[in-house]
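Here the structure is laid out as structure tokens; the discussion comes afterwards.
The values are calculated or read from the model by the stated rules, or taken from the named source; none is laboratory data. Since this is a predicted model, take the numbers as computed values, not measurements. A quick note on method: Cβ atoms are made from the backbone with ideal geometry, for glycine too, and the neighbour counts reach across all protein chains shown. SASA here: full protein model, heavy atoms, side chains in, ligands and nucleic acids out. Shrake-Rupley method; radii C 1.70, N 1.55, O 1.52, S 1.80 Å.
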Amino acid sequence: MPEPAIRLAAFAAVFVAMTLWELLAPRRPWAVGRAARWPSNLAVLVVDALAVRLLIPTAAVGVALIASARGFGLFHWLGWPTWLSGIVGFVVLDLVIYGQHVVFHRVPWLWRLHRMHHADLDIDVTTGLRFHPIEILISIGIKIAIVALFGIPAAAVVAFEVVLNATSMFNHSNAALPVQLDRLVRLVVVTPDMHRVHHSVVRAETDSNFGFNVPWWDWLFGTYRREPAAGQDGVTIGLPIFRDRAELRLDRLLTQPFRTPSATSDAAPLAPSDARTS
Ligand SMILES: [Zn+2]
Ligand SMILES: [Zn+2]
């Protein structure tokens, strides 16, 4: 199967699976629901894909192929076998994505880009796809630099991107996982209950659980938080700013980094019971 088909098939399979799981066994009641969010969250995905196609057509996998053909990068210089470079390269990419996520929270102008992901008023499978196109482009630039520096094999880059896409849809989903099972799965993969803490309106909680694939980096660097203070059912999702429903529109999502609203009266948290539209 050609590489783009593998990516698309994996994306479609996980998207459908998580959507069905959310429909059959939702974790929490909605604050806003799907109808007001899905069209723009999915439209952002299309904008991101177009921006990447137009501006970085080679993508990270293209750079991996060039590095490999020219014997460029640390793993090539060390003469490591492809399987070892692949496994270590995968782990390096995951650590870099974790570090990048922390930096996007700490550096004010990067936070302006990343906070669009956090401004969603519910989290579900589509939130895992909702990132500002400039954040996506910066992220790909960083990934390209790492792939070239280390000489990470193309197969590992594709595997990493497919897995990251899948785990992002999984850990943003509103799918219920029995608590006992969550504790077990959480030892290896970031679960929806773990990542939901990261989408809490409380800043200390927003600044925790940065991992997307494995929870280990959060344990290692002391950013792990097991539960939100208000509990999984009581936690308010989103940011103190951008709480107006109009902010869920595509044009508003794209302009959020360039606006500075104050957390005013419309910052009143939407309790989960406020509105259950779907
Ligand atoms: Zn974040
Ligand atoms: Zn998230």
Next item on the list: Report in % the part of the accessible area of the chain that belongs to carbon and sulfur, leaving out ligands and nucleic acids; probe 1.4 Å.
Entry: 73
Note to self: Between segment 180-252 and segment 1-26, what is the separation of their alpha carbon centroids in Å?
What the structure shows: 22
Checklist line | At 1.306 mPa s and 10 °C, Stokes diffusion of the chain via Kirkwood alpha-carbon radius, µm² per second | finding: 82
Notebook entry, point to check: For residue 20 and residue 5 in the same chain, what is the full-extension length gain: residue separation times 0.36 nm, less their Cα-Cα distance, in nm?
Noted result: 3.2 nm
Next item on the list: Sort all Cα-Cα distances of segment 169-259 into consecutive 10 angstrom bins from zero, then give the percent of pairs in each bin up to the one containing the longest distance.
Entry: 16, 43, 29, 11, 0
Note to self: At a 10 angstrom cut-off on C-beta neighbours, averaged per residue, how do the peptides 210-217, 238-245, 97-104 rank from highest to lowest?
What the structure shows: 210-217, 238-245, 97-104
Item checked: Distribution of pairwise C-alpha distances over segment 46-125, 10 Å bins, in % -> 14, 29, 36, 18, 3
Item checked: Degrees, to the nearest 10: 38-55 long Cα axis against longest axis of the chain -> 30
Notebook entry, point to check: At 4 °C and 1.567 mPa s, what whole-number value in µm²/s does Stokes-Einstein give for the translational diffusion of segment 107-231, with Rh from the Kirkwood sum over Cα pairs?
Noted result: 84
Next item on the list: Working from Cα positions, state the angle (0 to 90°, nearest 10) between the long axis of helix 82-106 and the longest principal axis of the chain.
Entry: 40
Check: Cα axis of helix 3-24 to longest principal axis of the chain: angle in degrees, 0 to 90, nearest 10?
Finding: 20
Next item on the list: State, to one decimal in nm², a quarter of the convex hull surface area for the C-alpha atoms of segment 105-171, i.e. the direction-averaged projected area.
Entry: 5.1
Next item on the list: Could you work out how far apart the two model spin labels at residue 54 and residue 249 are, taking each label as a point 7 Å from the Cα in the direction of the beta carbon, and quote it in nm?
Entry: 2.1
Note to self: Taking 2.2 N^0.38 Å as the expected size of a compact globular protein, what ratio does the Cα radius of gyration of segment 140-189 give against it, to two decimals?
What the structure shows: 1.53
Next item on the list: With only Lys, Arg, Asp and Glu charged, each at its Cβ (+1 for the first two, -1 for the last two), find how big the charge dipole of segment 1-104 is about the Cα centre; round to the nearest 20 debye.
Entry: 240
Checklist line | MRE, 222 nm, helices only [DSSP H, n ≥ 4, -39500 (n - 2.57), over the chain, to nearest 500] | finding: -18000 deg cm²/dmol
Note to self: Report the gain in length on full extension from residue 66 to residue 203: 0.36 nm times residue separation, minus Cα-Cα distance, nm rounded to one decimal.
What the structure shows: 45.1 nm
